[in-house]
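The next block holds one structure in the form of structure tokens; read it before the comments.
Computed from the coordinates by the stated procedures, all read-outs in this text should not be read as laboratory data. What you see is a predicted model; the values in this text were computed from it and never measured. With ideal geometry, Cβ positions are generated from the backbone for all residues, glycine too; neighbour counts draw on all protein chains shown.
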Amino acid sequence: MSWSPQSPDQSGEPGGLLQWAGRIGRGLENLLLAIILFAMIGLAAYQVMLRNVVGTGIGWADEALRLMVLWAAIIGAVAASRDNVHLRIDLLSRFLSRTGRMVTAIIVDLFTVAVAGVLAWYSWEFVAESREFGDQIFGELPVWPFQTVLPAGFVLIAYRYLIAVGSRLLALSRRGSQS
């Protein structure tokens with residue numbers, strides 16, 4: 001998939017709008033990850049310098065760094081699901097036919113959708129409880145808006161794998177109709 005300066009309706013490709021939206025999403029994810037990582041490095045370095053030179057640090061920096069680690073981990077997991085580069089133990093694919101590999105991939109993807117869905121549900125409950133109990137961060141801010149990255153990230157992962165299942169099923173049905 002390569003970038004094209006054409007607008008989605010000019011591309012002439014079926015699904016051009018979806019490909020364009022995918023490129024925009026990929027760019028936003030990468031930009032957000034880069035901003036968070038640079039902010040984490042900068043804030044941590046500044047905090048270390050302040051503690052070593054002045055003997056004190058920024059009171060809210062540790063909380064901010066924890067939140068940035070959470071956001072980087074979730075957005076990184078979403079990006080890994082986007083590129084299908086998550087952790088995988090791939091022993092069977094060497095011994096299976098192409099159709100067998102595709103069926104196995106569908107089963108694994110469906111399992112991933114189920115796990116991500118369960119994680120989205122329970123992380124949503126976690127955020128709701130945090131809101132209900134009035135948990136705060138940085139002294140006075142509610143923490144729940146910052147935690148919404150958890151259910152949102154797991155929903156995105158489940159969505160991406162559900163789309164992958166649909167694509168694989170379509171490819172499998174096309175292969176079956178050609179033989």
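State yes or no: is Leu50 surrounded by 13 or more Cβ atoms within 10 Å (Cβ to Cβ) and in contact with a helix residue (DSSP H, G or I) (Cβ under 7 Å, 6 or more places away or on another chain)? Answer is no for this residue. Looking across Met102, Met68, one residue alone is in contact with a helix residue (DSSP H, G or I) (Cβ under 8 Å, 6 or more places away or on another chain), in contact (Cβ under 8 Å) with a residue 12 or more places away in the chain and farther than 28 Å from Phe38 by Cα. It is Met102. Filtering the stretch 46-89 to residues that are charged (D, E, K, R) and over 18 Å from Asn30 (Cβ atoms) leaves Arg51, Asp62, Glu63, Arg66, Arg88. In the condition set (1) surrounded by 15 or more Cβ atoms within 10 Å (Cβ to Cβ); (2) closer than 22 Å to Arg82 by Cβ; (3) not β-branched (Val, Ile, Thr), Phe146 is compliant with all but (2). Exactly one residue out of Ala158, Ala120, Ala114, Ala164 is part of a helix (DSSP H, G or I), surrounded by fewer than 17 Cβ atoms within 10 Å (Cβ to Cβ) and not β-branched (Val, Ile, Thr): that is Ala114. Criterion first (part of a helix (DSSP H, G or I) and more than 16 Å from the chain's Cα centre (by Cα)) does Arg82 satisfy it? Judged against the criteria, Arg82 is not a match.
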